[in-house]
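Q: I have a structure I would like to understand better, so I am pasting it below and will then ask my questions one at a time.
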């Protein structure tokens, strides 16, 4: 397993913050940098929200090593043909480092504010399934693609130039839902990204995913397994207790919710448990953008045991 950083791009991220975090993540040796794709936070007030795909394009040309991507881009407000076209170009620009996270959309506030149709759960997931089919057709095969669905249509469609990376960037599907998300991941994803679960729950979901992958006629190794979860870090016990209280619990209570919470030795121990459950990468959700020393301390605590794999 290796360790990446994830930030919430709608929670006050500006160009200086994004550029500073990207440089630090690359310099310190993390495996990757990921970000959300939203207009706003789910609850007011609204904050600065750096546009996701513009920021990822900048990242592609201003870093050399780290992998990166959205966790995740909603097809509810991003049309899948344009998403595929954009992802193809950004992946090529980066030399094949984009991880193409796609989702159905979930946040009511941003859809209401900007006039996008979120739909009910069943329809929303049906639309997401069609979007995944459209993206897969456009990226995976070289022949012109045709598709007729309820939400999307292709007629002898080809994206040119073709991806430099065979098949284009890997599709990442995030979520824990056994009814919709896991079956879609089993069929379409090259990476499944669980969200805020304990190591034990990660193992249970992974077993369900394996059965669904077999039903889809694929091999378990066809789908990479990763986890995105919150991180509450303290440089000493007092700081840890204070920060855990800000998240609404004690460090032990946060860990029961799947959050990585602790001082340096605690972080390493918890990450070993996540790795033992089968995760190949963990994305630690970090909010300390004004404290680069904290990110350096996190790197020193965990990266010696979890270095990124060589590209």
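The values are calculated or read from the model by the stated rules, or taken from the named source; none is laboratory data. Given the structure is predicted, the values throughout are model-derived calculations rather than measurements. As a convention, Cβ positions derive from the backbone with ideal geometry for all residues, glycine included, and neighbour counts pool all protein chains shown.
Q: Of all residues in segment 278-311, count the ones that are under 22 Å from residue 246 (Cβ atoms), surrounded by fewer than 18 Cβ atoms within 10 Å (Cβ to Cβ) and touching a helix residue (DSSP H, G or I) at 6+ places or on another chain (Cβ under 7 Å).
A: 3
Q: Now, a different point. Of all the residues that make up segment 158-173, how many are at pLDDT below 95 and under 24 Å from residue 124 (Cα atoms)?
A: Matching residues across segment 158-173 total 0.
Q: Looking at 194, 244, 185 in this structure, which one is in a strand (DSSP E or B) and either in contact with a helix residue (DSSP H, G or I) (Cβ under 8 Å, 6 or more places away or on another chain) or buried (at least 22 other Cβ atoms within 10 Å of the Cβ) (or both)?
A: Going through 194, 244, 185 in turn, the sole match is 194.
Q: Among (1) surrounded by 15 or more Cβ atoms within 10 Å (Cβ to Cβ); (2) part of a helix (DSSP H, G or I), which single condition is residue 176 missing?
A: Result: residue 176 fails condition (2) only.
Q: Also, quick follow-up: Output the residue which, of all residues in segment 29-49 that are buried (at least 17 other Cβ atoms within 10 Å of the Cβ) and closer than 21 Å to residue 115 by Cβ, is nearest to the chain's Cα centre (by Cα).
A: Selected residue: 36.
Quick grid of which residues meet (1) in contact (Cβ under 8 Å) with a residue 40 or more places away in the chain; (2) out of contact with any strand residue (DSSP E or B) (no Cβ under 8 Å at 6 or more places or on another chain); (3) closer than 18 Å to residue 189 by Cβ; (4) buried (at least 17 other Cβ atoms within 10 Å of the Cβ):
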position	(1), (2), (3), (4)
119	yes, yes, no, yes
123	no, yes, no, no
132	yes, no, yes, yes
146	no, no, no, no
149	no, yes, no, no
152	yes, yes, no, yes
157	yes, no, no, no
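Q: Of the residues in segment 188-200, how many are in contact (Cβ under 8 Å) with a residue 40 or more places away in the chain and over 20 Å from residue 259 (Cα atoms)?
A: Qualifying residue count for the region: 2.
Q: Could I ask something else about it? Take the residues in segment 225-238 that are surrounded by 14 or more Cβ atoms within 10 Å (Cβ to Cβ) and over 26 Å from residue 175 (Cβ atoms), then tell me which one is nearest to the chain's Cα centre (by Cα).
A: 234
Q: What are the residues in segment 160-169 that are over 18 Å from residue 74 (Cβ atoms) and surrounded by 17 or more Cβ atoms within 10 Å (Cβ to Cβ), if any?
A: Scanning segment 160-169 gives 163, 165, 168.
Q: Going through 105, 96 one at a time, which residue ends up being buried (at least 19 other Cβ atoms within 10 Å of the Cβ), touching a residue at least 24 places away in the same chain (Cβ under 8 Å) and not in a strand (DSSP E or B)?
A: Of the residues listed, the single one that is buried (at least 19 other Cβ atoms within 10 Å of the Cβ), touching a residue at least 24 places away in the same chain (Cβ under 8 Å) and not in a strand (DSSP E or B) is 105.
Q: Still on this structure, please answer the following. Of the residues in segment 247-277, how many are in contact with a strand residue (DSSP E or B) (Cβ under 8 Å, 6 or more places away or on another chain), in a loop (DSSP other than H, G, I, E, B) and crowded, with 19+ Cβ neighbours inside 10 Å?
A: 2
Q: For segment 1-14, name all the residues that are surrounded by fewer than 21 Cβ atoms within 10 Å (Cβ to Cβ), touching a residue at least 40 places away in the same chain (Cβ under 8 Å) and over 18 Å from residue 99 (Cα atoms).
A: Those that are surrounded by fewer than 21 Cβ atoms within 10 Å (Cβ to Cβ), touching a residue at least 40 places away in the same chain (Cβ under 8 Å) and over 18 Å from residue 99 (Cα atoms): 11, 12.
Q: OK, next. Output the residues belonging to segment 259-269 that are within 21 Å of the chain's Cα centre (by Cα) and at pLDDT below 95.
A: 267 - this is the single residue of segment 259-269 that is within 21 Å of the chain's Cα centre (by Cα) and at pLDDT below 95.
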